[in-house]
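The values are calculated or read from the model by the stated rules, or taken from the named source; none is laboratory data. Since this is a predicted model, take the numbers as computed values, not measurements. Note that each Cβ is placed from the backbone with ideal geometry, even for glycine, and that neighbours are counted across all protein chains shown.
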Amino acid sequence: MDELIEALKRFTPISLDQMDKVQLLDRIDTKYILNQAKLSELLGKIADSYYVLNIEGELLHPYETLYFDTPDYNLYRMHHNGHQNRYKLRFRKYVNSGISFFEVKLKTNTHRTVKKRVSVSNIEESLSANQQQFVHDCTNDDFDQYLPALRVNFNRITLVNLNVGERLTIDTNLHYGDENGEKNIQNIAIVEVKQQKHSVSPFRQLMRENRMHEFYLSKYCLGITCLHEGLKKNRFKRKLMALNKLGYDVS
């Protein structure tokens, strides 16, 4: 982690207000999973192309997230079975600022990510009637009940390319927890390139040059597969095996 912070010191800082000019609540995502040491080695090559979010001198920002699902984990199953229109529900807290949202994150059949959210005072353990209605309005689904399914805490680094309207998020130090136990995944970096449309990206170009391929597995699905032996995960097995071969204990 120290190497990663040192690499980030080469980037020009940007404030939260400046970064919010590139919100990208409707976007295309490209995802990679890297070893933290390798990422630290590569980041210096794109320091001239991105700003790094700096809040009161901090470059690493803690996030707390509570995902909701149906009692039968229908939302997880939608992802596992490759449904083209699917979604996730979560409360998310930006710990440093104390700001929290209830979010519906949709993946459309055109492969776009659309995030809809409402401000809340804090992470809550149940959905209010208004939040249930918000879910219905966003998804048109009528599941009877949504329950807390998975708690995910992590640290995030955010890089911004203002020239092309691109955000790059780097999530590390993943900690999962639910009624089945807890799981820490160290030394891994989940990197997402977020763009309005596919366009020139210094980071994606860097990945191609280093023969690093896109890797699509959400933090939610990764956590569920780690903590729920009984849930189907055939569709994710190759990805989980690939992560284990890279030295990440996700079994």
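Observations, loosely collected:
- When Asp48 is tested against (1) of a type in the set (Asp, Glu); (2) farther than 18 Å from Glu209 by Cβ; (3) surrounded by fewer than 17 Cβ atoms within 10 Å (Cβ to Cβ), exactly one condition is not met: (2).
- Contacts under 9 angstrom Cβ, first residue in the range 13-30 being in a loop (DSSP other than H, G, I, E, B), partner among the aliphatic types (A, V, I, L, M), 6 or more apart: Ser15/Leu53; Ser15/Ile55; Lys21/Val160; Lys21/Leu162; Val22/Val160; Val22/Leu162; Leu25/Val114
- Given (1) outside any loop (DSSP other than H, G, I, E, B); (2) within 19 Å of Tyr50 (Cβ to Cβ), index of the condition Thr225 fails: (2)
- Any chance Asp171 is in a strand (DSSP E or B), among the acidic types (Asp, Glu), out of contact with any Ser or Thr (no Cβ under 7 Å at 6 or more places or on another chain) and modelled with pLDDT of 95 or more: yes
- Some residue of the range 141-150 being within 30 Å of Leu4 (Cβ to Cβ), surrounded by 19 or more Cβ atoms within 10 Å (Cβ to Cβ) and touching an Asp or Glu at 6+ places or on another chain (Cβ under 9 Å): yes
- Count of residues meeting criterion [among the aliphatic types (A, V, I, L, M) and out of contact with any Phe, Trp or Tyr (no Cβ under 7 Å at 6 or more places or on another chain)] in the range 166-180: 1
- Tallying residues that are surrounded by 14 or more Cβ atoms within 10 Å (Cβ to Cβ), over 18 Å from Met1 (Cα atoms) and among the charged types (D, E, K, R) within the range 12-41 yields 3.
- Residue list for the range 125-144, restricted to those being charged (D, E, K, R) and at pLDDT below 95: Asp141, Asp142, Asp144
- Qualifying residue in the range 95-102 (condition: touching a strand residue (DSSP E or B) at 6+ places or on another chain (Cβ under 8 Å), modelled with pLDDT of 95 or more, more than 20 Å from Ile190 (Cβ to Cβ) and among the small types (Gly, Ala, Ser)): yes
Residues checked against (1) part of a strand (DSSP E or B); (2) of a type outside the set (A, V, I, L, M, F, W, C); (3) under 30 Å from Asp17 (Cα atoms); (4) touching a Lys or Arg at 6+ places or on another chain (Cβ under 8 Å):
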| site | (1), (2), (3), (4) |
| --- | --- |
| Gln145 | no, yes, no, no |
| Val152 | yes, no, yes, yes |
| Leu159 | yes, no, yes, yes |
| Asn163 | no, yes, yes, no |
| Glu229 | no, yes, no, no |
| Arg238 | no, yes, no, no |
